[in-house]
Amino acid sequence: MEIGNQKSQRDRLKIETEAFIARHSLLDTGQVVLVGVSGGADSVALAAALRLIGRYDLHIAHIHHGLRSDADGDADFVAELAQRWKVPFHLERIDTPALARRERMGIEEAARTGRYEAFSSIAARIRADAVALAHHAGDQVETVLHRIVRGTHLRGLAGITPKRKLNENVALVRPLLWARREQIEQFCRDEGLSWRTDHTNAETDFTRNFIRHELLPLLRDRMNVRADEALLRLASAAGEAEAALAELSERLFERACRKRSEKEIILRTAPLKKVPSLLAAMAMRVALVAMDAPQQALGRERFDDLLKLLDGTVKVVNLPGQIRAERQGRDIHLIRQM
């Protein structure tokens with residue numbers, strides 16, 4: 001009985017991950033999948049689960065950020081893991097402090113930017129279909145809380161998405177988004193897998209660590225012992241609402257679009273004025289996505305400016321990605337400037 005129970009516990013993470021992949025259409029059988037492995041329990045468990053599922057052509061990538069004295073040990077650990085599993089290994093080094101100085105970013109933002117650029121570069125070399133990362137339910141809770149405090153819109157409340165585009169050719173997927181950290185670590189112990197511990201995870205100078213180690217425990221203790229579940233429900237509800245509004249905004253964009261080319265999109269203002277401003281802003285976001293405008297730079301203020309363009313308060317708005325929005329008569333012209 002004990003042996004059977006152990007086996008069922010070991011199988012659970014694999015089975016649940018496989019079901020999550022199918023439910024969200026994350027991966028297809030036979031695809032080349034690059035798994036980001038830092039050496040921590042989460043990423044080790046993800047690589048192990050995908051290997052157990054056995055449907056993908058797996059590659060393992062480790063990004064060396066050049067930030068910690070023991071980072072070489074992490075790289076060696078992941079390289080040895082890949083060698084033991086006979087999975088191709090890719091190491092990419094980035095100079096995070098230099099990137100932060102050059103782009104005038106904080107260290108956290110620079111590390112994230114450099115990491116995704118590195119994944120994209122490796123994925124292009126091996127012609128990967130997807131990059132799989134090990135974000136889990138705890139990361140989702142922290143992300144939603146961070147966005148609430150910082151200020152966000154409905155889309156931000158939805159938190160981390162199971163799947164999005166890394167670039168035009170590669171999907172970014174998160175097959176462990178359903179799992180709690182305790183489940184992940186138990187799986188590693190059951191499978192006899194060791195992992196590395198990043199000591200900087202305990203340093204509360206970083207925003208994410210402050211949320212994890214100070215803010216969330218305070219909320220659980222003083223306000224709601226099930227605060228994590230409440231935030232996850234909020235993210236799920238926001239995600240469903242966002243998906244419904246996204247579908248409506250796509251239809252609105254099609255109705256409003258008078259002309260569409262690589263360099264210019266012309267939108268009729270009449271259909272946009274007949275709907276709530278939120279939906280009109282989302283339809284204009286569809287147009288900007290079609291023009292490859294950088295999404296992270298399109299904050300609330302940018303869309304407020306576009307709504308002023310719609311009601312005629314302003315005539316011109318300059319947008320990220322060298323896109324100029326102009327009100328011309330009854331139309332809005334989105335023009336890519338060369």
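Just name the residue that is farthest from Val289 (Cα to Cα) out of those in segment 228-252 that are crowded, with 18+ Cβ neighbours inside 10 Å and free of Cβ contacts under 8 Å to residues at least 40 places away in the same chain.
Leu252
Can you tell me which residue is surrounded by the fewest Cβ atoms within 10 Å (Cβ to Cβ) among those in segment 152-166 that are more than 12 Å from the chain's Cα centre (by Cα) and part of a loop (DSSP other than H, G, I, E, B)?
His153
Is at least one residue of segment 100-108 assigned to a helix (DSSP H, G or I), of a type in the set (Gly, Ala, Ser), assigned by TED's automatic domain parsing to the domain that holds Leu193 and touching a residue at least 60 places away in the same chain (Cβ under 8 Å)?
For segment 100-108, residues assigned to a helix (DSSP H, G or I), of a type in the set (Gly, Ala, Ser), assigned by TED's automatic domain parsing to the domain that holds Leu193 and touching a residue at least 60 places away in the same chain (Cβ under 8 Å): absent.
If you scan segment 288-338, which residues turn out to be more than 20 Å from Ser249 (Cα to Cα) and part of a loop (DSSP other than H, G, I, E, B)?
Gly312, Thr313, Val314, Lys315, Pro320, Gly321, Gln322, Gly329, Gln337, Met338 - these are the residues of segment 288-338 that are more than 20 Å from Ser249 (Cα to Cα) and part of a loop (DSSP other than H, G, I, E, B).
Taking the stated definitions as given, is Ala123 in contact (Cβ under 8 Å) with a residue 40 or more places away in the chain, assigned to a helix (DSSP H, G or I) and either closer than 22 Å to Val44 by Cβ or not polar (S, T, N, Q) (or both)?
Here the answer is yes, as Ala123 does meet what is asked.
What is the one condition in (1) among the aliphatic types (A, V, I, L, M); (2) at pLDDT 95 or above; (3) touching a Leu at 6+ places or on another chain (Cβ under 8 Å) that Leu177 does not satisfy?
Only one criterion is unmet by Leu177, namely (3).
Does Asp221 satisfy the condition of being over 30 Å from Ala293 (Cα atoms), surrounded by 14 or more Cβ atoms within 10 Å (Cβ to Cβ) and of a type in the set (Asp, Glu)?
For Asp221, the condition - over 30 Å from Ala293 (Cα atoms), surrounded by 14 or more Cβ atoms within 10 Å (Cβ to Cβ) and of a type in the set (Asp, Glu) - is not met.
Only one of Arg300, Arg336 is in contact (Cβ under 8 Å) with a residue 60 or more places away in the chain, among the basic types (Lys, Arg) and closer than 25 Å to Thr152 by Cα; which?
Every option except Arg300 fails the conditions.
Any residue at all in segment 260-280 that is closer than 25 Å to Thr152 by Cα, part of a loop (DSSP other than H, G, I, E, B), of a type in the set (Ser, Thr, Tyr) and at pLDDT below 90?
Within segment 260-280, none of the residues are closer than 25 Å to Thr152 by Cα, part of a loop (DSSP other than H, G, I, E, B), of a type in the set (Ser, Thr, Tyr) and at pLDDT below 90.
When you scan segment 236-256, do you find a residue that is touching a strand residue (DSSP E or B) at 6+ places or on another chain (Cβ under 6 Å) and on the phi < 0 side of the Ramachandran plot, even just one?
Looking through segment 236-256, at least one residue is touching a strand residue (DSSP E or B) at 6+ places or on another chain (Cβ under 6 Å) and on the phi < 0 side of the Ramachandran plot.
Across segment 48-82, what is the total count of residues that are among the small types (Gly, Ala, Ser), at pLDDT 90 or above and within 24 Å of the chain's Cα centre (by Cα)?
Residues that pass the stated criteria total 4.
Step by step: first the residues of segment 308-333, then only those that are in contact (Cβ under 8 Å) with a residue 12 or more places away in the chain and among the aliphatic types (A, V, I, L, M), then the one that is nearest to Leu278 (Cα to Cα). Which residue is that?
Leu310
I'd like to check something: does segment 132-151 contain any residue that is at pLDDT below 90, under 29 Å from Asp292 (Cα atoms) and surrounded by 21 or more Cβ atoms within 10 Å (Cβ to Cβ)?
Within segment 132-151, not a single residue is at pLDDT below 90, under 29 Å from Asp292 (Cα atoms) and surrounded by 21 or more Cβ atoms within 10 Å (Cβ to Cβ).
Please specify each residue of segment 300-326 satisfying the condition of being at pLDDT below 80 and more than 20 Å from Asn167 (Cα to Cα).
Matches in segment 300-326: Arg300, Glu301, Arg302.
When segment 20-73 is examined, which residues are found to be among the charged types (D, E, K, R) and either touching a helix residue (DSSP H, G or I) at 6+ places or on another chain (Cβ under 7 Å) or not in a helix (DSSP H, G or I) (or both)?
Asp28, Asp42, Arg51, Arg55, Asp57, Arg68, Asp70, listed by residue number.
With the checklist (1) free of Cβ contacts under 8 Å to residues at least 60 places away in the same chain; (2) surrounded by fewer than 12 Cβ atoms within 10 Å (Cβ to Cβ) in hand, flag the one item Asn169 doesn't pass.
(2)
The values are calculated or read from the model by the stated rules, or taken from the named source; none is laboratory data. The structure presented is a predicted model; accordingly, all values stated were derived computationally and were not measured. So basically every Cβ, Gly included, is an ideal-geometry build from the backbone, and we count neighbours across all protein chains shown.
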